[in-house]
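The values are calculated or read from the model by the stated rules, or taken from the named source; none is laboratory data. All values reported here derive from a predicted model rather than from experimental measurement. Here the Cβ is made from the backbone with ideal geometry for all residues, glycine too, and neighbour counts use every protein chain on show. Just so you know, the surface numbers come from the protein's heavy atoms only, side chains and all, with ligands and any DNA or RNA stripped out. Shrake-Rupley method; radii C 1.70, N 1.55, O 1.52, S 1.80 Å.
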Amino acid sequence: MRWWDIDPVLELEKDLFPEDAWSRGMFWSELAHARGPEATRRYLVAETGDRIVGYAGLVSSGEQADVQTIAVARDHQGTGLGARLLTELLRAATAFECHEVLLECRVDNVRAQKLYERFGFVPIGFRRGYYQPGNVDALVMRLTTGPDSGTAASDSGSAASDSGSAAGSSPVQGTDIND
């Protein structure tokens with residue numbers, strides 16, 4: 001994701017998350033930490049032609065990473081694009097040498113929870129009233145990676161990506177993922 005992607009990403013953000021959409025400033029702040037030798041963020045966009053149809057972001061701190069956001073346009077949901085974006089974030093976590101990846105997911109977003117479970121994430125708790133202004137709880141999930149866990153981020157991501165996307169005619173195949 002680059003600065004020129006922020007406006008189309010904001011349109012998608014407001015469509016998908018109308019109550020708790022990120023602001024322009026939040027995306028600018030995240031992208032400010034996504035480049036250079038001291039980068040601690042990885043943000044991606046998925047494009048079909050000249051249209052952004054998905055985006056995702058991750059922040060790293062020491063041996064821990066947090067999935068900040070994953071979003072897929074309504075007309076591309078169910079195509080495996082979310083799995084591809086998550087796979088790329090897990091590759092980034094591996095590149096950042098993170099051995100634990102955390103995320104928050106709305107308790108009412110069962111579809112996303114199932115995706116994360118396919119990748120090996122497990123529920124570890126709740127954050128009450130996390131999503132504002134709707135006061136919706138977040139389910140906190142964790143994926144432990146590295147030598148002690150028996151799972152590598154890139155291994156779990158590729159396995160889930162294969163099972164989570166339709167082969168052959170899936171619209172996701174014409175989608176490019178760019179950082």
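When both the range 108-126 and the range 3-34 are represented by their alpha-carbon centers, they are found 23 Å apart. Take the Cα of D50, step 7 Å toward its Cβ, do the same at A32, and the gap between the two points is 3.1 nm. Given a cut-off of under 8 Å on Cα pairs at least six residues apart, what relative contact order in percent is computed for the range 1-116? Result for the range 1-116 is 20 percent.
Solvent-accessible surface of protein heavy atoms, probed at 1.4 angstrom with all chains present, puts D15, D5, D66, D75 in the order D75, D15, D66, D5, largest first. Taking GluC sites (Glu not before Pro) across the range 67-131, the ones in a DSSP loop with at most 14 further Cβ atoms lying within 10 angstrom of their Cβ are E97.
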